[in-house]
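First the structure, in the form of structure tokens, and then the observations on it.
The values are calculated or read from the model by the stated rules, or taken from the named source; none is laboratory data. As the structure is a prediction and not an experimental result, all values here were calculated from the model. Cβ: placed from backbone, ideal geometry, glycine included. Neighbour counts: every protein chain shown. Each accessible area value is taken on the protein alone, full model and side chains, heavy atoms only, with ligands, DNA and RNA left out. Shrake-Rupley method; radii C 1.70, N 1.55, O 1.52, S 1.80 Å.
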Amino acid sequence: MWTKSVDYFHKKLGKIMWDDVGMGRTQQSLETAIEQIKKLKHDFWSDLRVPGDENGVNTELEKALRVADFIELGELIAIDALHRNESCGGHFREEYQTPDGEALRNDDVYKYVAAWEYQGSDNQPLLNKEPLDYEFIEIKQRDYK
């Protein structure tokens with residue numbers, strides 16, 4: 001009961017994000033990350049030890065609150081990355097690449113801003129989309145050759 005430090009959970013989350021949600025990712029790695037983060041979240045809320053005194057400033061408690069937010073954000077990043085069946089920006093879905101190994105975009109389907117709405121701790125977030133309308137730039141496949 002309450003045996004693990006804030007730093008323990010912070011490092012575990014960082015490793016999950018680095019290994020499975022980083023620059024190169026796959027459907028399988030993202031699904032694995034989401035499951036690992038859900039387990040980490042459960043463990044965080046049931047086994048987090050926060051030393052300190054209730055009568056003063058508690059920097060460990062402040063850090064724990066930030067890590068709780070990081071866990072929520074990490075899960076949402078993984079959910080959003082799994083939802084997008086394309087490679088875009090600085091992130092690369094290995095299943096979505098050109099024959100030459102370049103990022104394969106899908107602007108016809110994913111030309112929007114995603115805003116995920118919290119639906120409660122036991123529910124999936126709700127995706128809200130705001131279309132992107134480009135007036136001054138041409139949308140095109142990137143080629144770094």
Worksheet item: Which percent of the accessible area of the chain is formed by carbon and sulfur heavy atoms (probe 1.4 angstrom)?
Response: 53
Response to the item:
Between the alpha carbon centres of segment 107-145 and segment 41-77 the gap in Å comes to 30
Fill in: Residue-level accessible surface for residue 134, protein heavy atoms, 1.4 Å, Å²
100
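Using the Cα centre of the chain as the reference point, and only Cβ charges (+1 on K/R, -1 on D/E), how large is the resulting charge dipole? Debye, rounded to the nearest 20. Numbers along the way, then the final one.
On the way: 19 positive and 29 negative charges, 79 e Å.
It comes to approximately 380 debye.
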Worksheet entry | nm² value of the averaged projected area, convex hull over the Cα atoms of segment 21-89 | 5.5
Practice prompt. Putting +1 on Lys and Arg Cβ atoms and -1 on Asp and Glu Cβ atoms, find which of 79, 33, 96 reaches farthest to the positive end of the dipole of the chain.
Written response: 33
Discussion item. Between 132, 61, 30, where does the largest GNM mean-square fluctuation fall for the chain, given springs only between Cα atoms within less than 10 Å?
Written reply: 132
Worksheet item: In µm²/s, what is D for the chain at 37 °C and 0.692 mPa s, where D = kT/(6 pi eta Rh) by Stokes-Einstein and Rh is the Kirkwood radius from Cα pairs?
Response: 189
Worksheet item: Taking H as built 1.01 Å from N, whose amide H comes closer than 5 Å to the amide H of residue 104, not counting residues under 5 places away?
Response: 87, 97, 98
Discussion item. Sort 92, 136, 9 by heavy-atom solvent-accessible area, probe 1.4 angstrom, most to least.
Written reply: 136, 92, 9
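Please work out the FRET efficiency for the pair residue 66 and residue 108, using the Cβ-Cβ distance as r and a Förster radius of 30 Å; give the result to the nearest 0.05.
Taking R0 as 30 Å, the efficiency between residue 66 and residue 108 is 0.20.
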Item to complete: Express in Å², to the nearest 10, the accessible area of residue 53 obtained by rolling a 1.4 Å probe over the protein heavy atoms while all chains stay in place.
Response: 90
Worksheet item: Residue-wise, which Karplus ³J(HN,Hα) couplings in Hz belong to segment 13-27, taking 6.51 cos²θ - 1.76 cosθ + 1.60, θ = phi - 60°, and x for glycine or proline?
Response: 4, x, 5, 4, 5, 5, 6, 10, 10, x, 4, x, 9, 9, 4
Practice prompt. Assign unit charges at the C-beta atoms only (+1 for Lys and Arg, -1 for Asp and Glu), then state the dipole size of segment 1-59 relative to its Cα centre in Debye, rounded to the nearest 20.
Written response: 140
